[in-house]
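Participant: There's a structure below that I have some questions on.
Just so it is clear, none of the values below were taken in a lab; they were calculated from the coordinates. Since the structure is predicted, the reported quantities are computational estimates derived from the model, not experimental observations. Cβ sites come from the backbone with ideal geometry, for glycine too, and all protein chains shown count toward neighbours.
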Amino acid sequence: MRTPAHRKVTPASLQGRVLLLTLLVFIALSVPAYFVFHHLIDKATIRLGALFAEKQVQFDRYRALETLSRETSLAGTLARSPVVLEWARDEDDPDKRRRGLAELEHYRRSFTDRSYFIVINQSRHYYFNDRDNSFAGKELRYTLERGLPRDDWYFQTVAAGRNCRLNVNRDEAVEVTKVWINCPLVDGADTVGLIGTGIDLDKFIRKVVDIPQTGVDSMFIDRSGAIQAYRDPELIDFHSLTKDAGSKKTIFQLIDNDADRVALVGMMTDLAEGAASVRSRFITIEGRKYLVGVGYLDDLDWFNLSLMDTREVIDPGLFMPMGLLIGIILLLAALLLTVLFKRIVLDRLARLEASVRKIQLGDYAIAPPDTGNDEIGRLSRAFSGMTKVVAENTQLLEERVRERTMKLERLAEVDPLTEIYNRRGFMNAAERERNRAGRSRTTLGLLLVDLDLLKSVNDTYGHQAGDVVLVEVSRRLKQALRNYDICARWGGDEFAVLISECDEQTLRLIAAKILDAVSGEPIIVEESNQVRVTVSVGASLVGPDETIDVIAAKADQSLYEAKAAGRNHIIVHDRTPAQGAPLIDLP
């Protein structure tokens, strides 16, 4: 790439042999501020450069399409003209020839270049006329020959398909170099010729590519990477259609390393497939690092590249005059400049730095952005926008973490089979209910419910049937309880129930209701197999100073007594056993 050499900027020295105290203070404040500012500008340059590259690609795309799309569309319309197609089918007919040339002449005045060409496939005659109408009456210029290198462009274009194609080429026969727009003449299933126009290459480069922008180069390439338009004509690959890949002048030959070449190919592939409208990344070309933006002109099947040297676009040398001016003014009013500099630069940077520190501490409620129109103001507003996005993403992440934590906590307290509390969840819930009962001076009751002879079900039908029984029993338990009572799987085939606002009568009533609910209907365990199950219940009221573990031990003793009494019984701790429903044996 031929670009102006990059100029280094060295910090201006403000030291002198004799300085006032105010000047020393100013230097102590300004020098650190300068380096901080320079660092922030470097960081911002990368981001701003990427945005600029994308906008430049869109701008180049617009300019190229503005220049070429109209001509391509007009050439395509001409290629579908019935008059021209009739002449191409019967070239020797004088009347069709006259009307065909008249149609071409009409379109010639509409083309920007005021020129046209047509090749009739059957005779391979090449007709041409330019903006000066130099070939009026002698439009037939020559006859194309297969195998002749200068004529290969025609055969390659016809073989490529029915779409219009571009080719940067010097036509030696008519001695012009143009960006040629080639559109096949298609009549039904046959390609009967080729028609089109051209745009003067020099004018195209001046209008689309060679626009003076410091640090920015524009380039157009085809799918193979062959350079079709660039401000340096020596790098343009003429006759791309007729060359093999090894002899083309491509962008890949200018790139320094294989990784960047592969990356560029990947960007071009994404754009051609419609995965994106613009791609950009840093690529090293001829020893210099460029931010390369790439766009795809699908109507032309070209790619437009914007090569930006970020160091040239935002030249640090622009700040040198400001430094010299400050140095001169310092000699006249050091104290005043110290105050002004602190207010204009340091205070604003300090606010930006404070915002950065708050974000480092997790506080995204930063101060409003700087409203200035200079670099610090733009940087502050860009930083504020970035902070807003980070804050929103952080908040969303925290919400998801909280949701995930709640799910995990619930999984830790819920039995996965029956979807009721497990032992840990029951203990936590029971402790909360016990504290509430203590405040309201109400009594709680604890039931330990154990399935009778579940082992027989497992032995007869398998453990999967036992799981079905456990799930159904837990469902019946929940139906038998009030909506504010707590039910849990205590372990294995044993359940625990905590009864709120309970006395001994309520405790017995709910226990009896549980016995009836469980044994009332048989449980379908496997296809049509049914089993009737019963439970034994150990119950105890919870004293105000008794822990759940103590009460559970009492209820467990009562449960043991209920089992010993013949199962399907309720035993309340320190009370006379109450006879439950008659024992129902397994079938």
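Participant: Given a Förster distance of 30 Å, report the FRET efficiency between Asp187 and Arg109 from their Cβ-Cβ distance, rounded to the nearest 0.05.
Facilitator: 0.75
Participant: Exposure proxy check: Met406, Met308 ranked by fewest other beta carbons within 10 Å?
Facilitator: Met406, Met308
Participant: Taking a quarter of the surface of the convex hull around the Cα atoms of segment 423-572, what do you get in nm²?
Facilitator: Result: 8.4 nm².
Participant: Find the centroid of the Cα atoms in segment 127-156 and in segment 251-270, then give the distance between the two in whole Å.
Facilitator: Using only Cα atoms to place each centre, the spacing works out to 37 Å.
Participant: Based only on other Cβ atoms within 10 Å, what is the fewest-to-most ordering of His573, His106?
Facilitator: His106, His573
Participant: How would you order 284-292, 392-400 from highest to lowest mean count of nearby Cβ atoms within 10 Å?
Facilitator: 284-292, 392-400
Participant: Grab the beta carbon distance between Arg281 and Glu353, set R0 = 45 Å, and tell me the FRET efficiency rounded to 0.05.
Facilitator: 0.90
Participant: I've got another one for you. Would you mind computing, in nm to one decimal, how far apart the modelled labels at Val401 and Leu453 are, each placed 7 Å from Cα along Cα→Cβ?
Facilitator: The modelled label-to-label distance comes out at 5.5 nm.
Participant: Given Cβ point charges of +1 (Lys, Arg) and -1 (Asp, Glu) and nothing else, what value in debye, to the nearest 20, does the dipole of segment 423-572 about its Cα centre take?
Facilitator: 440 debye
Participant: Among Ile181, Ile359, which comes first, then next, by fewest other beta-carbon atoms within 10 Å?
Facilitator: Ile359, Ile181
Participant: Per-residue counts of other Cβ atoms within 10 Å, averaged by peptide: what ranking do you get for 183-194, 534-545, highest first?
Facilitator: 534-545, 183-194
Participant: Run the simple label-point estimate for Arg124 and Arg436 please: 7 Å along Cα→C-beta, distance reported in nm.
Facilitator: Output for this residue pair reads 9.6 nm.
Participant: Tell me which GluC sites (Glu not before Pro) from segment 526-558 have a DSSP coil assignment and no more than 13 other beta carbons within 10 Å of their own.
Facilitator: Sites meeting the loop and neighbour criteria: Glu527.
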